[in-house]
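Working notes, beginning with the structure itself.
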Amino acid sequence: MLAVTNIPYPSWLNPADNTWQLVAATLVGLMSLPGLAVLYGGLVRKKWIVNTMLMVFTGFSLTLVVWMLWGYNLAFGPQSHFGPTGSFWSGFIGHFTPLSTAGAEQGQAVSGANTLIPFHFSTATLAYFQFVFAAITPLLFLGALVGRLKFKAWLLIVPMWITLVYCVNAALLWGGGFFAQKGAVDYSGGYVIHLSAGVAAFVGAAIIGPRRWQDRENAFPSNLMMVAIGAGILWLGWNGFNGGDPFYAGADAASAVLNTNVATAVGVLTWLLMDMFFSRQKKPTFLGAINGMLCGLVAITPSAGWVNGTGAIFVGLIAATIVWFAWNYLSRIRPFSKVDDAMGVVYTHGIAGLVGGLLVGILADPGMVQYGVAGRHFKGAGSFSVGGWFYTHSFHQLWEQFLAALWIIGWTAVGTTIVFTLVKFLLGGLRESDEVLSLGDVAIHEEEAFPEPTFGEPLMTPSHIHPDNV
Amino acid sequence: MKLVTAVVKPFKLDEVKVALTNIGVSGMTVTQARGFGRQGGHIEIYRGKEYEFDFVDKIRIEVACTDEQVEQVLDAIVSAARTGSVGDGKAWVTDVEKVVRVRTNERGPEAL
C-alpha cells in the first residue's frame, strides 16, 4: 500500500476540482479562440474578416500579459484598503503586483471572493480561469467597433481597459470588494463581463463614430456557416463559463450547466417565434436564433447555479423577449439610433446581462446551494445560496443587484470614455482613413481571408517581390 | 459560323446540356454570371435588417456552331431552359469570323 506522502500534489489539492477547473477554463478560452474569431469573421463583410479575427487573437494575448503582470492581483489579490474597513475605498482594488514566482503559481488559490471554504486547486488554476473571463470581455465589445477601429488603437485600448475598468469591476463584485461585501452577486459575469461589455460597446462606438455609410448599407455577413461554428462553440463553451464558477466539481456545477443550456434553448426558441409572428417580415432567421441564443446564455450567467430549472426557463424567456423588443424598437430611438454598434453588443450583452442580473433578485431559489453537497437540506460549513423575491418575498437582493448594476454601468461608461479619449489623443485618432476603410483587410494587413488564386504557374523560381523569398 | 450566347436559370444547366448534346453539339463554355432583367433582384434579411440584392445568379452558356445548326441550337436551349415564368433568360446569336483549334491549328468549320 502506497504511503499518502507519495501522492504528487499537496494535501489541499483535489484532482477532480483542479481538473474540472482547468477544463472549464479551457472551454471558456475556446469561446474566444476560435469561437468569437469565427463568429465575428462570419458576421462581418468579407473585406473585414482578417482584421476582425486578428483583433480577437491579439486582444486575448494582450489581456494575458496584463493579467500576469498586474491584472490578476489587481482584481483578485488581497484588497488595498484605501479607506476604513467596510467602506467603498477599502474594497476597491487589489495591488499592482505580478504573478510570477513559483510559490505564487503553485500555492493554494486564495481569493477574497470565497471566504467560506478553501479552494482545492492552485493559484495558477484560478488565475488562468479568471483570465479567460477577463480576455473575452474586450473581445465582446470589439463586436461594436469593427469595420473602422485603427489596429494600433486596439493594441492600446485592451490593456488600458482591462486595468481601469475590468479589474476594478471584478474586484468590487468578485474579489471580495465593496459590492460583494454588501451582498450583490454575479454568478459568472452577467455584470462584470456582459453588462460591462455592452456599456463599453455603446460608449466606445459613440466615441469612434459610425462606419462609412457605404459599409453600413452593405453590412451583410460573409459566411453563416462560420457563424454557426462560432455560435456553437460559444453555447457549449458556456458549460465551462457557468459550470466552472462554483469552483468545485460538485452538484452546483452540474446545475449551472443544465440551467445554462435550458435558458439558452428557450432563448433560441423565443427569438425565433418572435421573428416568425411579430417581425415585419414574419420569417424565421438563423441569425435571429443566434441572437436569442446569446440572450439566453448571457441572462442566465449571473444566476446559473442559484435558480432552479423553472427559473432558468423564465430567465431565457424574459431576457430574449425584452432584448428582441429592444433590438427591433429601442434601436430606432435616440441615443441608440445615433450610435453605430456594429453587432448590437449593447442589446445581446448589455441589456441581456442587466436583465439577467436583476432577475437574480427575483428568481434565485435559496434551495440551490452553491457550495453544498445535499441541496436544500445542506446546512454545513460553506453552505451558500441566494434568495430572490419569489421565494423570500423580500426585495433586498433585487435592491443590491440594482445598485451593483448602476455602478457597473456608471464606472464602465466613465472608464471607457477615459481610455478611448486618451488613445485618441495618443494616436491622433481612433479610425482608419476612409480610403483604407474602403479596402479593408488588404490595405491594413496585406492579407485577405480568401486570397484570389493565381492562374497558371510562375515562370521564374526566385521571387521578384523580395530577395528573401527563395 | 455563329456564336450562340444564352443566359439561363442555373438549375436548368444540365437540361440544356443534354438537349445540346442530343442534337450533336460537341462543346460548350459555361460561366457563372449575375444580372438583372425583368425579374429584378430580391431581398435578404440579416439580423432584422433588409438588404437588396439587385443581381440574380444566372448561368451564361456559349456555343459555337455552323450557320445551319443555329435554329436547332436555339430550339434546344429554349425547350430545355423554359419554365414560363419571368427570369428564364435570353439567348442571342452573333457572327463568328474565324475559329481555330489550338491543338492542330485547323481553321474554319472543321475546328468547331
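The values are calculated or read from the model by the stated rules, or taken from the named source; none is laboratory data. Since the structure is predicted, the reported quantities are computational estimates derived from the model, not experimental observations. Cβ atoms come from the backbone with ideal geometry, glycine included; neighbour counts cover every protein chain shown.
Against the conditions (1) within 13 Å of chain B (Cβ to nearest Cβ); (2) of a type outside the set (D, E); (3) not in a helix (DSSP H, G or I), A:P246 satisfies every one except (1). When A:S32, A:S90, A:S61 are screened for being in contact (Cβ under 8 Å) with a residue 40 or more places away in the chain and under 18 Å from A:L155 (Cβ atoms), only A:S32 passes. Could you go through the stretch A:220-232 and let me know if any residue there is at pLDDT below 95 and either in a helix (DSSP H, G or I) or not β-branched (V, I, T) (or both). Yes, the stretch A:220-232 contains a residue that is at pLDDT below 95 and either in a helix (DSSP H, G or I) or not β-branched (V, I, T) (or both). Set side by side, the residues A:G204, A:G189, A:G183, A:G198 differ, and just one is within 26 Å of A:V158 (Cβ to Cβ), modelled with pLDDT under 95 and in contact with a helix residue (DSSP H, G or I) (Cβ under 9 Å, 6 or more places away or on another chain), which is A:G189. Restricting to the stretch B:14-56, name every residue that is of a type in the set (A, V, I, L, M) and within 14 Å of another protein chain (Cβ to nearest Cβ). B:I43, B:I45, listed by residue number.
Of the strands (runs of 3 or more DSSP E) entirely within the stretch B:19-112, those holding at least 1 residues that are of a type in the set (V, I, T) and surrounded by fewer than 16 Cβ atoms within 10 Å (Cβ to Cβ) occupy B:29-35, B:42-46, B:89-95.
Restricting to the stretch A:215-230, count the residues that are in contact with a helix residue (DSSP H, G or I) (Cβ under 8 Å, 6 or more places away or on another chain) and either without any contact (Cβ under 8 Å) to a residue 40 or more places away in the chain or more than 13 Å from chain B (Cβ to nearest Cβ) (or both).
At the first step, the residues of the stretch A:215-230 found to be in contact with a helix residue (DSSP H, G or I) (Cβ under 8 Å, 6 or more places away or on another chain) are A:215, A:221-230.
Now drop any that are not either without any contact (Cβ under 8 Å) to a residue 40 or more places away in the chain or more than 13 Å from chain B (Cβ to nearest Cβ) (or both), which leaves A:225-226, A:228-230.
Counting residues in the stretch A:215-230 that are in contact with a helix residue (DSSP H, G or I) (Cβ under 8 Å, 6 or more places away or on another chain) and either without any contact (Cβ under 8 Å) to a residue 40 or more places away in the chain or more than 13 Å from chain B (Cβ to nearest Cβ) (or both) gives 5.
Scanning the stretch A:153-198 for residues that are in a helix (DSSP H, G or I), surrounded by 24 or more Cβ atoms within 10 Å (Cβ to Cβ) and among the small types (G, A, S) gives A:A170, A:A171, A:G190, A:S196, A:A197, A:G198. Restricting the stretch A:267-293 to residues that are in a helix (DSSP H, G or I) and within 10 Å of chain B (Cβ to nearest Cβ), the residue that is surrounded by the most Cβ atoms within 10 Å (Cβ to Cβ) is A:N291. Sort out which residues of the stretch A:307-322 are buried (at least 18 other Cβ atoms within 10 Å of the Cβ) and without any contact (Cβ under 8 Å) to a residue 40 or more places away in the chain, and write them in order of number. Residue satisfying the conditions is A:I322 alone.
What do you reckon, is A:T264 of a type in the set (S, T, N, Q), more than 14 Å from every other protein chain (Cβ to nearest Cβ) and crowded, with 24+ Cβ neighbours inside 10 Å?
Yes: the conditions hold for A:T264.
With respect to (1) part of a helix (DSSP H, G or I); (2) away from chain B (no Cβ under 14 Å), the lone exception for A:P210 is condition (1). Suppose the filter is in contact with a Pro (Cβ under 9 Å, 6 or more places away or on another chain), more than 30 Å from A:F151 (Cα to Cα), part of a helix (DSSP H, G or I) and of a type in the set (A, V, I, L, M, F, W, C); does A:A16 pass it? So A:A16 does not fit the description; no.
Of the numbered criteria (1) over 16 Å from the mean Cα position of the chain (by Cα); (2) over 19 Å from A:I229 (Cα atoms), the one A:G41 fails is (2).
For the stretch A:44-57, give me each residue that is among the hydroxyl-bearing types (S, T, Y) and within 16 Å of the chain's Cα centre (by Cα). If you could, list the steps in order and put the result at the bottom.
Just the residues of the stretch A:44-57 that are among the hydroxyl-bearing types (S, T, Y), to begin with: A:52.
Across the stretch A:44-57, there are no qualifying residues.
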